[in-house]
Amino acid sequence: MASSAISLDQPRTMRASTSPAIVRAVRSELARLTRRTFLGTGTLIVAALTLLATIATFYGAANASGEDGFGPAMMGAVLEAPGGIVVTVQGAATLLGIVVLAFAATAVAVDYSTGFIRLLVQAEPRRWRLIAGKAMALAGLTVGAAALATLVGVAASFVMAGLTGVSTAAWTSDLLGTVGATFVNLSLGLMVWGAIGFAIAVITRSTAAAIAGGIGYVLVIENLLGLLNQDLAQWLPGSAITALVAGGNATLGYGTALGLAAGYTLLGLIVSLAVFQRRDITA
Amino acid sequence: MTARAITTSGLTRRFGDLVAVDDVSLEIPRGGVIGLVGPNGSGKSTTIRILLGLIRPSAGTAEVLGRPIADPSRYADRVGALIESPAFIPTLSARRNLASLALLRGLPDTRVDEVLHIVDLRDRADDDVRTYSHGMKQRLGIAMALLPDPDLLILDEPTNGLDPAGIVEIRSLLKRLAADGRTVIVSSHLLSELEAAADYVVVIRFGALLFAGPLAELMRQARTGVEVEPEHPADAARLAKLFAAQGWASEMTGDTLRVQVDPELAAELNRAAQGASIVLRRLAPRTQSLEDVFLQMTTVAATTDTTVRKAA
């Protein structure tokens, strides 16, 4: 250890930052969330899933038998429509949502599993700022993931259209509008997934429990509830996310889906804040 | 500026039926090295967590640097702590772990380099912490505690995992920090370490305060005596009887007698042995160490309170 302690010989003028506390909380979170292993793995998975979904959709359309009423002609028509360029991105939304849920859950739970949470609360005892900082940092990364997925999906769609003989003539009629709307809707949909993972991780303080709980709910429990009561199911998070990413569907209009998604996200954050604010830090 | 680093009044924390901190009222002065001593599970860490705002007390009040613990944000930028074990993100470098906390506290980047220098981690600062040795992780934990350049530093087992040279360096660092006017609270099982560094000692057992005061005052409770070892082990029992006849209580450990008398009486002991034709191989004054006093104090407390403490 160094024989002379620098800090002891210097004037104690430590608080140099004039940034608002919430900005400091976001930057602190980003310093940890953008670590190589975490961000690199996330980027790779998002790109790979979107690419796989695109390849599968185009080859599926080219090879479909038509026995299920969704044959080459119909799928081809969907892909060749103006919105065909983003069909694969929308199709990958659920898989991407699971990735975002896992990412958010891990980001929260790792602070507990490593004990880092006690350092964070010591440094910033106003806990709502920590929650807000983490939520905002994760929201920023979620937007990045949606942008990456949209770019990969659009680029791969052009390539796959050329390989499978799908016409792209209609895609360019409102390319920016279609792609932009999909990017925004995908971002919002993924944020709901993220909020679910975030809330469950704050409650359980466990990555595995949060991922299993979140995915289990949306993919299993919500489907079971749908079998029992279809009217109820359309209002649940999974249906709202699906409708939102699609820009509205036959079950839910866009405005309703947007309102529900905002409500579920807000609910997730409120629950997270309420639990985190009251709970002892024993990690 | 308050003269007390920490004040608690009736501080209590219950976890269900278990009373982890039991009506602790104490005053810890500002400045110097304070030893926080207690067996495992005695409530040291819970007390520290309460003071840092991580855990809320069930009852009682406390102040840290003159500010109530109900609002830790009023003193958070003046307190640094290492609790139980160092916490870090293993897949991040030491620099990035520290930078994350520095950003949150609004500290300049230069402060990260300063604390890395203090704990001598600059050469490995950009390596992932998962590749660090136990001692290096411990140093990182200390660096994190030093980050805000705190007036009050709380370190739980700071020398854990350090080699002897590292322990000496930490002891020196703690003394320098205290000499600079800071209050350094050190919780440790290495009582010899505390004996060498602490000015003031707080002893806790079963969550209850057993002692809080200057180390010198605690050490006045240390029993003194003389260790006597006869040349022939067979004489030990005879020697014990001889001393008992003089009114000097003793206890035998192997071939050695520990006679509970003022060390000034060593010559008298020697004379008595000579009078009985017993030659002594060794005659040495002995004073109890902090560890002995601590064990004596906690053992006495245990025998007078053998029931598991439950909430009333």
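The values are calculated or read from the model by the stated rules, or taken from the named source; none is laboratory data. None of the values given here were measured: they were computed from a predicted structure. For neighbour counting, all protein chains shown are included, and Cβ atoms are generated from backbone atoms with ideal geometry for every residue, glycine included. Protein only, heavy atoms only, side chains kept; ligands, DNA and RNA dropped before computing areas. Shrake-Rupley method; radii C 1.70, N 1.55, O 1.52, S 1.80 Å.
If the condition is being within 15 Å of B:ARG171 (Cα to Cα) and either part of a helix (DSSP H, G or I) or in contact with an Asp or Glu (Cβ under 6 Å, 6 or more places away or on another chain) (or both), then segment B:188-207 contributes B:SER188, B:LEU191, B:SER192, B:GLU193, B:LEU194, B:GLU195, B:ALA196, B:ALA197.
Does segment A:186-234 hold any residues that are over 21 Å from A:PHE103 (Cα atoms) and either among the hydroxyl-bearing types (Ser, Thr, Tyr) or assigned to a loop (DSSP other than H, G, I, E, B) (or both), and which are they? Within segment A:186-234, A:ASN229, A:GLN234 meet the criteria.
The set of residues in segment B:263-280 being in contact with a strand residue (DSSP E or B) (Cβ under 9 Å, 6 or more places away or on another chain) and over 13 Å from B:VAL226 (Cα atoms) consists of B:ALA273, B:GLN274, B:ILE278, B:VAL279. Residues that are facing chain A (nearest Cβ under 10 Å) and at pLDDT below 90 within segment B:140-163 comprise just one, B:LEU162. Of the residues making up segment B:12-30, those that are away from chain A (no Cβ under 14 Å) and modelled with pLDDT under 95 are B:ASP17, B:VAL19, B:ASP22, B:ASP23, B:VAL24, B:SER25, B:LEU26, B:GLU27, B:ILE28, B:PRO29, B:ARG30. One residue stands out among those in segment B:76-88 that are open to solvent by less than 40 Å² (accessible area, probe 1.4 Å) and farther than 18 Å from A:ARG24 by Cβ: the one that is nearest to the other protein chains (Cβ to nearest Cβ), which is B:ALA87. Annotation: of all residues in segment B:208-222 being in contact (Cβ under 8 Å) with a residue 24 or more places away in the chain and part of a strand (DSSP E or B), the one that is nearest to B:ILE185 (Cα to Cα) is B:ALA212. Each residue in segment B:129-139 was checked for being open to solvent by 40 Å² or more (accessible area, probe 1.4 Å) and either facing chain A (nearest Cβ under 10 Å) or in a helix (DSSP H, G or I) (or both), and 4 pass. Being without any contact (Cβ under 8 Å) to a residue 12 or more places away in the chain, surrounded by fewer than 24 Cβ atoms within 10 Å (Cβ to Cβ) and of a type in the set (Ser, Thr, Tyr) holds for only one residue in B:THR110, B:THR61, and it is B:THR110.
Here segment B:166-199 is the region considered, the condition is being among the hydroxyl-bearing types (Ser, Thr, Tyr) and surrounded by fewer than 23 Cβ atoms within 10 Å (Cβ to Cβ), and the residue that is farthest from B:LEU152 (Cα to Cα) is B:SER192. Scanning segment B:91-106 for residues that are facing chain A (nearest Cβ under 7 Å) and open to solvent by less than 20 Å² (accessible area, probe 1.4 Å) gives B:LEU92, B:SER100, B:LEU101, B:LEU104, B:ARG105, B:GLY106. Within segment B:118-128, the residues that satisfy the criterion of being assigned to a helix (DSSP H, G or I) and either open to solvent by 30 Å² or more (accessible area, probe 1.4 Å) or at pLDDT 95 or above (or both) are B:ARG122, B:ASP123, B:ARG124.
From the list B:THR256, B:THR224, the one residue that fits, being closer than 25 Å to B:THR298 by Cβ, among the polar types (S, T, N, Q) and over 29 Å from the mean Cα position of the chain (by Cα), is B:THR256. Checked against the criteria, B:GLN246 does not count as touching a residue at least 12 places away in the same chain (Cβ under 8 Å), within 23 Å of B:LEU290 (Cα to Cα) and open to solvent by 20 Å² or more (accessible area, probe 1.4 Å).
Note on segment A:186-228: residues that are of a type in the set (D, E, K, R) and open to solvent by less than 40 Å² (accessible area, probe 1.4 Å) total 1.
Residues are listed down the side, and each one gets a yes or a no for (1) under 25 Å from B:LEU52 (Cα atoms); (2) in a loop (DSSP other than H, G, I, E, B); (3) touching a His at 6+ places or on another chain (Cβ under 7 Å); (4) away from chain B (no Cβ under 14 Å):
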| position | (1), (2), (3), (4) |
| --- | --- |
| A:ALA240 | no, no, no, yes |
| A:THR251 | no, yes, no, yes |
| A:ALA257 | no, no, no, yes |
| A:ALA262 | no, no, no, yes |
| A:THR265 | no, no, no, yes |
| A:GLY268 | no, no, no, yes |
| A:SER272 | yes, no, no, yes |
| A:ILE281 | yes, yes, no, no |
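Could you tell me which residue of segment B:1-12 is farthest from B:ARG205 (Cα to Cα), considering only residues that are open to solvent by 30 Å² or more (accessible area, probe 1.4 Å) and in a strand (DSSP E or B)? My answer is B:ARG4. Of everything in segment B:42-57, what is within 14 Å of chain A (Cβ to nearest Cβ) and small (Gly, Ala, Ser)? Give them in sequence order. Across segment B:42-57, the qualifying residues are B:GLY43, B:SER45, B:GLY53.
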